[in-house]
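See below for the structure under consideration.
The values are calculated or read from the model by the stated rules, or taken from the named source; none is laboratory data. Model, not experiment: these values are computed from the prediction. Don't worry about glycine lacking a Cβ; one is built from the backbone with ideal geometry, like all the others, and counts go over all protein chains shown.
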């Protein structure tokens with residue numbers, strides 16, 4: 001504490017040299033009687049070296065003349081002398097003030113946004129969604145609510161099992177895991193039946209919860225109850241539960257695809273245009289003065305980020321490559337059109353039947369009318385036809 005006080009008031013280290021022996025000692029004695037406080041005293045030649053408060057040093061000169069000693073300043077330290085140096089160097093003082101303001105501004109914002117845990121979802125898509133929700137490089141830290149942002153991302157991407165937004169200093173990390181099913185609230189499930197989603201013949205039925213109302217070989221119609229959520233106990237009392245089970249049936253489906261024999265294709269001409277920009281601390285500076293091209297162009301983006309010791313920095317270069325294109329009309333043969341139509345029908349079958357369903361038998365027909373090939377496929381399929389519907393009590 002004493003050292004801090006002396007630094008705040010400032011101190012001077014000086015030497016005392018007398019022409020005759022004893023003059024330096026006499027000067028110190030008279031000065032001490034006058035109330036001056038010395039410290040750090042050391043002998044130096046025929047005199048001494050010591051320190052005194054900066055404001056007291058000028059008052060020592062009159063005593064030095066009476067005692068015929070010579071005082072010489074060796075060092076000046078403390079806040080007053082530091083302020084004098086800054087006053088003489090206004091640029092340094094201004095630079096220090098600007099640095100402090102800049103440091104305060106930068107430390108109050110997020111500059112590094114990262115994503116971890118994503119496998120199928122592109123990082124660019126997640127960062128774009130986060131930016132739309134308010135999280136981007138340069139946003140104020142106190143304007144981000146991590147829980148609200150995580151909930152918004154969960155709502156945007158149903159395929160996310162869980163997500164959290166972790167913040168540390170000027171870095172925000174979006175941590176997520178895909179494909180984890182949300183836990184079901186067993187106690188809060190509403191009573192429900194399992195109904196038929198389509199007409200068909202039952203091939204197999206497994207009732208996990210509830211009462212099976214049909215058996216293998218039965219023919220059912222759309223909307224018929226397959227597994228009932230009303231169960232009777234040993235006392236004859238009915239209880240409404242949430243029915244669960246799997247019901248596979250043989251169904252008849254029709255799939256149709258239409259392919260124009262003449263279509264317009266976009267092809268590249270070979271002409272390219274490149275634009276670059278530098279983004280630093282949320283501010284974007286163009287590195288090229290070319291405007292966005294007009295007409296039919298295809299754009300490709302590349303992002304080159306900077307890092308230090310494995311830590312990404314809020315500094316990157318974005319490169320835009322524009323490829324000139326033109327449209328050309330192409331003519332398909334009937335065989336090419338049929339191949340494309342079968343691809344479209346196969347996609348429809350996968351979407352409708354799901355992973356467990358499959359086509360058992362199928363027959364097809366195709367015709368060309370008004371320049372369009374129409375493919376119709378009638379198929380017998382094995383598929384899961386059970387759908388859950390809430391029981392409504394009146």
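General observations
- Some residue of the stretch 58-69 being free of Cβ contacts under 8 Å to residues at least 60 places away in the same chain, within 30 Å of residue 96 (Cβ to Cβ) and outside any loop (DSSP other than H, G, I, E, B): yes
- Failed criterion for residue 124 (all others in (1) surrounded by 16 or more Cβ atoms within 10 Å (Cβ to Cβ); (2) at pLDDT below 85 hold): (1)
- Selection of the stretch 345-388 for residues being surrounded by fewer than 14 Cβ atoms within 10 Å (Cβ to Cβ) and under 21 Å from residue 205 (Cβ atoms) yields 354, 355, 356, 358, 360.
- Comparison of 288, 321 shows that the only residue that is assigned to a strand (DSSP E or B) and touching a strand residue (DSSP E or B) at 6+ places or on another chain (Cβ under 8 Å) is 321.
- Unmet criterion (only one of (1) touching a residue at least 60 places away in the same chain (Cβ under 8 Å); (2) surrounded by fewer than 17 Cβ atoms within 10 Å (Cβ to Cβ)) for residue 12: (2)
- If the condition is being touching a helix residue (DSSP H, G or I) at 6+ places or on another chain (Cβ under 9 Å), within 10 Å of residue 15 (Cα to Cα) and loosely packed, with under 12 Cβ neighbours inside 10 Å, then the stretch 44-77 contributes only 73.
- Candidate set: the stretch 155-166, residues that are within 13 Å of the chain's Cα centre (by Cα) and surrounded by 14 or more Cβ atoms within 10 Å (Cβ to Cβ); chosen: the one nearest to residue 108 (Cα to Cα): 165
- Which listed residue, of 231, 275, 252, is modelled with pLDDT under 90 and either assigned to a strand (DSSP E or B) or farther than 30 Å from residue 388 by Cα (or both): 231
- Residue count for the stretch 78-110 under the criterion of being out of contact with any strand residue (DSSP E or B) (no Cβ under 6 Å at 6 or more places or on another chain) and touching a residue at least 40 places away in the same chain (Cβ under 8 Å): the result is 5.
- Yes/no for residue 172 being part of a helix (DSSP H, G or I) and surrounded by 11 or more Cβ atoms within 10 Å (Cβ to Cβ): no
- Of all residues making up the stretch 1-15, the number that are modelled with pLDDT under 90 and touching a helix residue (DSSP H, G or I) at 6+ places or on another chain (Cβ under 9 Å): 3
Every residue, every condition in (1) touching a residue at least 24 places away in the same chain (Cβ under 8 Å); (2) in a helix (DSSP H, G or I); (3) at positive phi, yes or no:
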site	(1), (2), (3)
329	yes, no, no
338	yes, yes, no
344	yes, yes, no
350	no, yes, no
362	no, no, no
366	yes, no, no
383	yes, no, no
389	yes, no, no
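- Residue identified as more than 24 Å from residue 264 (Cβ to Cβ) and surrounded by 15 or more Cβ atoms within 10 Å (Cβ to Cβ) among 316, 322, 342: 316
- Given (1) out of contact with any strand residue (DSSP E or B) (no Cβ under 7 Å at 6 or more places or on another chain); (2) surrounded by 12 or more Cβ atoms within 10 Å (Cβ to Cβ), index of the condition residue 308 fails: (2)
- Residue selected from the stretch 17-51 under the condition in contact (Cβ under 8 Å) with a residue 40 or more places away in the chain and in contact with a strand residue (DSSP E or B) (Cβ under 6 Å, 6 or more places away or on another chain), by the criterion nearest to residue 78 (Cα to Cα): 51
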